[in-house]
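First the structure, in the form of structure tokens, and then the observations on it.
The values are calculated or read from the model by the stated rules, or taken from the named source; none is laboratory data. Every value quoted in this text rests on a predicted model; they were computed, and no experiment measured them. Here the Cβ positions follow ideal geometry from the backbone for every residue, glycine too, while neighbour counts run over all protein chains shown. With ligands, DNA and RNA removed, areas are computed over all heavy atoms of the protein, side chains included. Shrake-Rupley method; radii C 1.70, N 1.55, O 1.52, S 1.80 Å.
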Amino acid sequence: DGGITQSPKYLFRKEGQNVTLSCEQNLNHDAMYWYRQDPGQGLRLIYYSQIVNDFQKGDIAEGYSVSREKKESFPLTVTSAQKNPTAFYLCASSIAPRDSGSLVDTQYFGPGTRLTVL
Amino acid sequence: GNSVTQMEGPVTLSEEAFLTINCTYTATGYPSLFWYVQYPGEGLQLLLKATKADDKGSNKGFEATYRKETTSFHLEKGSVQVSDSAVYFCALSSAGNKLTFGGGTRVLVKP
């Protein structure tokens, strides 16, 4: 079955530690995204990548880092510089835009990772 | 910049009641519009979408029409079930494949 997997589902870390969240997709999508969701709020874009070895900051990139060494994988590292890291993190993927001005294709989401920093 | 505003919840309904969730947007250009649904503890699932004015998206008994004149994309369902209890997100696209989400509306359907 094609889809997006995120692991682990729940993650606990001590304050001051870096932590890496996994996101893998086998949909052959070029574009991948990371969002953060806080209780009772919508999603905010952290980083996105439209092609391997390239990524851009989203609206709330401070305190986070990503890499895109493989098409299938887009790991997110929550660094100790992130002031309030406890949240639900969602990864998504889509077919990349056909050109820089085109409209978006549908984004498909993984099940999410709930990170709690103690 | 782009923004999406949707009605705050929670919305509590009885089974078989009519559901409406209002969504309005502000955007430059001609965005695509989406409704996503999130069940407890899970990621988001695409419910329906519309890519141009007057398009109607529909799925699982839910409908929404892209109204450019009122910049709205209200979600409706004629007869809800307990299994429709979830959080519903309205979203719009922008160039570069970026989605802007509303704050979400929690819906609770009681038997």
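Listed here are the residues, each with its yes/no results for (1) within 30 Å of A:Tyr10 (Cα to Cα); (2) away from chain A (no Cβ under 14 Å); (3) modelled with pLDDT of 95 or more.
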site: B:Asn59; (1), (2), (3): no, no, yes
site: B:Lys68; (1), (2), (3): no, yes, no
site: B:Asp84; (1), (2), (3): yes, yes, yes
site: B:Ser94; (1), (2), (3): no, no, no
site: B:Gly102; (1), (2), (3): yes, no, no
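With respect to A:Ser93, determine if the residue is in contact with a Cys (Cβ under 9 Å, 6 or more places away or on another chain), among the polar types (S, T, N, Q) and surrounded by fewer than 18 Cβ atoms within 10 Å (Cβ to Cβ).
It is false that A:Ser93 is in contact with a Cys (Cβ under 9 Å, 6 or more places away or on another chain), among the polar types (S, T, N, Q) and surrounded by fewer than 18 Cβ atoms within 10 Å (Cβ to Cβ).
Return only the number of the condition from (1) modelled with pLDDT under 95; (2) within 14 Å of another protein chain (Cβ to nearest Cβ); (3) under 17 Å from B:Ser93 (Cβ atoms) that B:Leu47 does not satisfy.
(1)
Among the residues of segment A:22-32, which ones are more than 11 Å from every other protein chain (Cβ to nearest Cβ) and surrounded by fewer than 22 Cβ atoms within 10 Å (Cβ to Cβ)?
Correct list: A:Ser22, A:Glu24, A:Asn26, A:Leu27, A:Asn28.
Working only within segment B:66-101, note down all residues that are part of a strand (DSSP E or B) and of a type in the set (D, E, K, R).
B:Arg67, B:Glu76, B:Lys77, B:Lys98
Return the residues of segment B:7-65 that are open to solvent by 40 Å² or more (accessible area, probe 1.4 Å), farther than 15 Å from B:Ala86 by Cβ and part of a strand (DSSP E or B); say none if nothing qualifies.
B:Ser14, B:Thr20, B:Thr24, B:Thr26, B:Lys49, B:Lys56, B:Ser58, B:Glu63, listed by residue number.
Please go through segment A:33-69 and pick out each residue that is touching an Asp or Glu at 6+ places or on another chain (Cβ under 9 Å), assigned to a strand (DSSP E or B) and either touching a residue at least 60 places away in the same chain (Cβ under 8 Å) or surrounded by fewer than 15 Cβ atoms within 10 Å (Cβ to Cβ) (or both).
If the condition is that a residue be touching an Asp or Glu at 6+ places or on another chain (Cβ under 9 Å), assigned to a strand (DSSP E or B) and either touching a residue at least 60 places away in the same chain (Cβ under 8 Å) or surrounded by fewer than 15 Cβ atoms within 10 Å (Cβ to Cβ) (or both), then A:Ile51 is the only one that fits.
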